[in-house]
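The values are calculated or read from the model by the stated rules, or taken from the named source; none is laboratory data. Predicted model, so just to flag it, every value in this text is computed and none were measured. Note that each Cβ is placed from the backbone with ideal geometry, even for glycine, and that neighbours are counted across all protein chains shown. When the accessible area is computed, the model is the full protein with side chains, heavy atoms only, and any ligands, DNA or RNA have been set aside. Shrake-Rupley method; radii C 1.70, N 1.55, O 1.52, S 1.80 Å.
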Amino acid sequence: MNTADVANPVPFLDLITPHVELEERLLAVVNRALATAGFIGGPMVEELENAFAAYCHTRHCIGVNSGTDALRFALLAAGIRAGDAVITVCNTFIATTEAISQAGAQPVFVDVDESTGNLDPGELQKFLENQCGIDAQGRLETRNGLRIKAIVPVHLYGQPADMDPILELAERYRLTVIEDACQAHGAAYFSKRQGKWLKAGSMGRAGAFSFYPGKNLGACGDAGAVTTNDEDLARKVRMLRDHGQEQKYYHRIEGYNGRLDAIQAGFLKLKLAYLDEWNRQRRAIAKYYDGRFAAAAGIAAIRELPSARGVYHLYVISVADRDRLRDGLASAGIGTGIHYPVPLHLQEAYRKLGYWRGDFPVAERLASSILSLPMFPHLRVEQQRRVADAVLEFARADGPAVAVA
Ligand SMILES: *Cc1c(COP(=O)(O)O)cnc(C)c1O
């Protein structure tokens with residue numbers, strides 16, 4: 001078969017088909033909002049919040065206007081402020097660290113596990129034991145005297161981070177855990193400590209979700225949510241998203257304009273009913289890709305933990321000659337992405353943090369070898385086959401590549 005079927009490209013992501021399928025019902029949502037002129041907050045937002053809290057198995061869900069604000073409000077509501085440090089990973093979207101900085105704290109990075117791409121609990125433990133000090137009050141601090149308050153594990157690509165050991169360390173060192181679940185709607189993790197499956201966003205003190213259009217559950221615009229079982233944190237996030245008021249024009253604190261609008265909430269409530277089915281389709285595609293690449297020397301897929309059920313926001317492989325493979329796929333009309341090409345500690349914006357190349361070798365190696373393949377629920381079987389055929393063809397053309405993961 002000719003993989004170079006440029007007349008019939010395979011897009012990296014198709015956001016049109018699902019919206020065509022749902023068009024009538026989406027328009028009904030718009031009509032409902034127009035009929036009541038309840039555009040910001042109101043019953044449509046509350047209906048989504050209740051449905052998404054139930055979906056995530058949390059007591060509360062607070063709709064906000066983006067995943068970035070969900071992270072920022074969760075951190076602020078958890079008491080993170082200037083002079084604090086927050087531990088996270090450097091192979092994430094910059095929103096994770098923007099939220100930390102904008103809460104007034106400093107991001108501190110720990111390296112990741114090569115097979116999952118997620119925060120490595122062993123590295124976290126080494127960092128806490130060897131690179132931190134204890135101040136006069138017995139609190140954990142960084143070498144430059146910042147008080148370490150929280151950990152933000154990222155469930156990258158829709159794969160849950162290894163939460164049992166992370167939560168255990170957090171308890172031991174009295175750190176708050178805020179999950180960046182912006183890519184992990186519906187992902188689940190089997191907790192051996194609790195003896196049950198837990199949903200992403202329900203394991204830490206709070207979870208932050210993005211409903212950016214391309215996410216597994218996406219709005220038709222910007223949107224996000226905080227999930228939590230913590231009543232006090234939920235109340236603070238509600239205040240933060242709405243100018244610090246609980247009662248109109250009575251401001252207990254200064255907040256933000258970070259509300260969710262009714263039309264987006266209505267769209268999300270409608271799409272939430274399809275999320276499990278869409279995630280099943282993503283998992284089936286991932287299983288197909290896994291099977292095709294299993295025997296290929298030089299192609300390593302980012303893997304799911306045995307104790308996790310990922311939702312494949314992205315399907316990511318790691319190859320030695322990534323840029324050549326990417327060009328080859330482009331010439332065959334196949335769209336790809338890189339998530340992310342430059343780790344945050346090497347970004348110009350974070351030069352001030354004082355890190356160097358070589359500080360996080362695993363994350364750096366992944367950044368130079370990862371490639372995200374087409375992955376979306378409506379990816380057709382023959383498109384999946386063309387992607388896999390082309391990857392195998394161009395990876396083989398690279399000769400005896402060396403697996404890096
Ligand atoms: C998308 C994303 C965010 C930010 O979400 P927005 O809704 O775009 O603000 C944060 N963290 C991760 C890991 C993301 O993928």
Point to revise | Cα shape, the stretch 19-269, gyration tensor, a/c 1.5 rule | key: prolate
Review point. What translational D, rounded to a whole number of µm²/s, comes out for the stretch 228-320 from Stokes-Einstein when the hydrodynamic radius is the Kirkwood one over Cα pairs, at 20 °C and 1.002 mPa s?
Key: 124 µm²/s
Study note, to complete from the structure: Taking R0 as 25 Å and r as the Cβ-Cβ distance between Leu34 and Asp276, the FRET efficiency 1/(1 + (r/R0)^6), rounded to the nearest 0.05, comes to 0.25
Revision key, fill the gap. Rounded to a whole number, the Stokes-Einstein D of the stretch 275-402 in µm²/s (Kirkwood radius over Cα pairs; 10 °C; 1.306 mPa s) is 101 µm²/s
Exercise for review: Stick to Cα atoms and the Kirkwood definition of Rh, then tell me Rg/Rh for the stretch 1-121.
Suggested key: 1.10
Review point. So what's the net charge close to Phe376: Lys and Arg +1, Asp and Glu -1, counting the other residues with Cβ under 12 Å from its Cβ?
Key: +2
**Study point:** Solvent exposure ordering (accessible area, 1.4 Å, most first) of Met163, Met203
**Key:** Met203, Met163
Exercise for review: Could you calculate the FRET efficiency of Asn229 with Ala82 from 1/(1 + (r/R0)^6), where r is the beta carbon distance between them and R0 is 25 Å, rounded to 0.05?
Suggested key: 0.35
Practice item. Enter the accessible area of Trp197 (Å², nearest 10), with the probe set to 1.4 Å and all protein chains included. Key: 110 Å²
Study note, to complete from the structure: Between the modelled labels at Asp135 and Ser191 (7 Å from Cα along Cα→Cβ) the distance in nm is 2.9 nm
**Study point:** the chain: calculated mean residue ellipticity at 222 nm from DSSP helix runs of at least 4, using -39500 (n - 2.57)
**Key:** -12000 deg cm²/dmol
Check your understanding: So, counting K/R as plus one and D/E as minus one, what does the shell of residues with Cβ under 12 Å around Asp120 add up to?
Key -> -4
Exercise for review: Over the chain, give the accessible area per residue in Å² for a 1.4 Å probe, as an integer.
Suggested key: 43 Å²
Exercise for review: Leaving ligands, DNA and RNA out of it, report the carbon-plus-sulfur percent of the accessible area of the chain at a 1.4 Å probe.
Suggested key: 51 percent
Exercise for review: Using a/c under 1.5 as the rounded threshold, could you call the stretch 130-212 rounded, prolate or oblate? The axes a ≥ b ≥ c are square roots of the C-alpha gyration tensor eigenvalues, and prolate needs a/b larger than b/c, oblate otherwise.
Suggested key: prolate
Exercise for review: Figure the gain on full extension for Asn257 and Ser331 (residue separation times 0.36 nm, minus the Cα-Cα span) and round it to one decimal in nm.
Suggested key: 22.2 nm
**Study point:** Length gained when the stretch Asn8-Asn50 is fully extended (0.36 nm per residue, less Cα-Cα span)
**Key:** 10.9 nm
Practice item. First select every other residue whose beta carbon is under 10 angstrom from the beta carbon of Pro361; then total the charges, Lys and Arg +1, Asp and Glu -1. Key: -2
Revision key, fill the gap. Using a 1.4 Å probe on heavy atoms of the protein chains only, the accessible area for Thr142 in Å², nearest 10, reads 10 Å²
**Study point:** Accessible area, probe 1.4 Å, largest first, for residues Leu119, Leu13
**Key:** Leu13, Leu119
Review point. Over the chain, what is the relative contact order in whole percent, taking alpha-carbon pairs under 8 Å and six or more residues apart?
Key: 22 percent
